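Colleague: Mind having a look at this structure? Questions to follow.
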Amino acid sequence: MLARLRAEAVRSGKVDEDEVLARVAWSTVVEPGDRDAGELVGRLGAGRSVRAVLDALDAGPGLLGELLVEAGLPLTDDAEDDSRAELARQTAAALVPALDRWRHRVRRLDVDAVLHAAEAVGCSLVLPGDEDWPPGIDDLGPHAPLVLWRRGGDHLDTRPAVSVVGARANTVLGAEAAAEVASAAVDASCLVVSGGAYGIDAVAHRVALGAGAPTVAVLAGGIDQLYPAANAPMLRTIAERGALFAECPPGTRPSRWRFLARNRLIAAMGTVSVVVEAGARSGALNTAHHAGQLGRPVFAVPGPYSSSASVGCHRLVADRRAELVVHPRDPADAALRAWSGDDTAVDAEVPITGARVDPDVLRAVDALGRRRPVPLDEVVRRSGLSLSDATDALALAELQGLVERGPTGWRVV
């Protein structure tokens, strides 16, 4: 059974079977994003850390602290023995709360049951370092998942991704905006990533599916928990044409905490993240927070200032934690630039008029018409400007793309 799961995810000989089993064991013991577990596995390896934790639960954390010091915690090899011993004691004491968290699940550990459940649903096991491990996940450091369970993914290739998130109870305007952003991402050959939930998530997924493009949904529970139930048909289609990913082992029920923890994966998988609609306490803001911490570009779609569904988006922009979506393709363009490593700013397609800022330009432009060119002396008469000021104002307006000069005078573009 493990051989089948492993054969689809790990190239032969790359990862020891005991290490695979230990990572599966860890995934059943800890909650998503457990930093202590991530650091233990990172320093000792999955198999060695599991055995050390079992020993620590029986005999105390002293030996585990010593193992971590030997594995390269701050002191160097020539440090004094008493200093190393003191550091080992401090490390062991710091691990006591983590051991208390893990104790009950470790005692009931049943890796075989997890593997049987995975076999029943027909999923694959993906490990760090595998070619199918999603790009960007390792940027989470010790908060990265220890394994991922996957359904589908056979047709996925490596490409920039746009993570689209937002309110479950979206407005009509929000749905339209999500559809336009997702459509622009698909047109740019970007992967659309979201959480498979009601509202904005579902709109983004369905637009990608409708365009015949792959999309990825990250689940908050086990890979066999297609939640919400009303979206189960859509999630099955995503598994057929794109991929479902889950960090928790099969059989794990979604919970509020796991939804929040899941958001860090959506942020990590996206080259950029877009918040389409979000209330003041929306979980979508949590995704934006994670993306910001990872250094990913974040975009927010504006909405009516009176709409409670747009409060979170406006706050992200006001706090300079997100860029404003001016055009639906802005997130996709940013994803393509980030993917290629090109940080060159893109010129605005629509010129920003300075007429409202410069009163002379405003007066000169107001003196013109669209149909018939106006000679310069007539502009001077209509605007009340001096000849030199009118000339300067018209030249500036021309540079801004507001007016154009012809053989017989000036007119508004």
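Colleague: Among 50, 317, which comes first, second and so on when ranked by fewest other beta-carbon atoms within 10 Å?
Modeller: Working: 50 24, 317 18.
Exposure proxy ranking, most exposed first: 317, 50.
Colleague: While we're looking at this one, here's another question. With an 8 Å Cα cut-off and a minimum separation of 6 or more residues, compute the relative contact order for region 137-340 in percent. Can you show the working numbers first?
Modeller: Working: 472 pairs, mean separation 50.3, N = 204.
Relative contact order of region 137-340: 25 percent.
Colleague: Return the calculated 222 nm mean residue ellipticity for the chain, to the nearest 500 deg cm²/dmol, obtained by summing -39500 (n - 2.57) across DSSP H runs with n ≥ 4 and dividing by the residue count. Don't skip to the end; give the middle numbers.
Modeller: Numbers: 17 runs with 200 residues, N = 413.
Only helices count here, giving -15000 deg cm²/dmol.
Colleague: Take every DSSP beta bridge whose two residues both sit in the chain, then give the antiparallel share in percent to the nearest 5.
Modeller: Numbers: 12 of 31 bridges.
Here the antiparallel bridges make up roughly 40 percent for the chain.
Colleague: Say a site is exposed when it is one of the GluC sites (Glu not before Pro), sits in a DSSP loop, and has at most 13 other Cβ atoms within 10 Å; what is then the longest site-free stretch of the chain? Please report the intermediate quantities before stating the final value.
Modeller: Values: sites that count: 80, 131, 349.
Between exposed loop sites, the widest span is 132-348.
Colleague: Quick check on the exposure proxy: order 158, 91 from fewest to most C-beta atoms within 10 angstrom. The partial results should precede the final answer.
Modeller: Values: 158 11, 91 19.
Going from sparsest to densest Cβ surroundings: 158, 91.
Colleague: Relative contact order for the chain: what percent, with Cα pairs under 8 Å and sequence separation of 6 or more?
Modeller: Details: 746 pairs, mean separation 53.7, N = 413.
Answer for the chain is 13 percent.
Colleague: Now for a separate question. What list of ³J(HN,Hα) couplings, whole Hz, do you get for region 44-51 from phi and the Karplus terms 6.51, -1.76, 1.60, once you set θ to phi - 60° and write x for glycine and proline?
Modeller: Running phi through 6.51 cos²θ - 1.76 cosθ + 1.60 with θ = phi - 60° gives 10, x, 5, x, 5, 5, 4, 5 Hz.
Colleague: For 137, 200, 266, what ranking results if the residue with the fewest other Cβ atoms within 10 Å of its Cβ goes first?
Modeller: Working: 137 18, 200 34, 266 26.
Going from least to most buried by this count: 137, 266, 200.
Colleague: Over what distance in Å are the Cα centres of region 356-387 and region 261-320 separated?
Modeller: Their Cα centres are 44 Å away from one another.
Colleague: Give the label of the value calculated from the structure for P(r) over Cα pairs in 20 Å bins from 0, in percent, choosing from [x] 26, 60, 14, 0; [y] 22, 32, 23, 18, 4, 1, 0; [z] 24, 41, 23, 10, 2.
Modeller: [z]
Colleague: Something else about it: Expressed in whole Å with the largest first, what are the equivalent ellipsoid semi-axes of region 147-218 derived from the C-alpha gyration tensor as the square root of 5 times each eigenvalue?
Modeller: Largest first, region 147-218 gives 20, 14, 9 Å.
Colleague: Taking the Cβ-Cβ separation of residue 110 and residue 306 as r and a Förster radius of 51 Å, what is the calculated FRET efficiency to the nearest 0.05?
Modeller: Details: r = 53 Å, r/R0 = 1.05.
Efficiency at R0 = 51 Å is approximately 0.45.
FYI, it's all coordinate maths here, none of it is from the lab. Keep in mind the model is a prediction, meaning the values are calculated, not measured. Cβ atoms come from the backbone with ideal geometry, glycine included; neighbour counts cover every protein chain shown.
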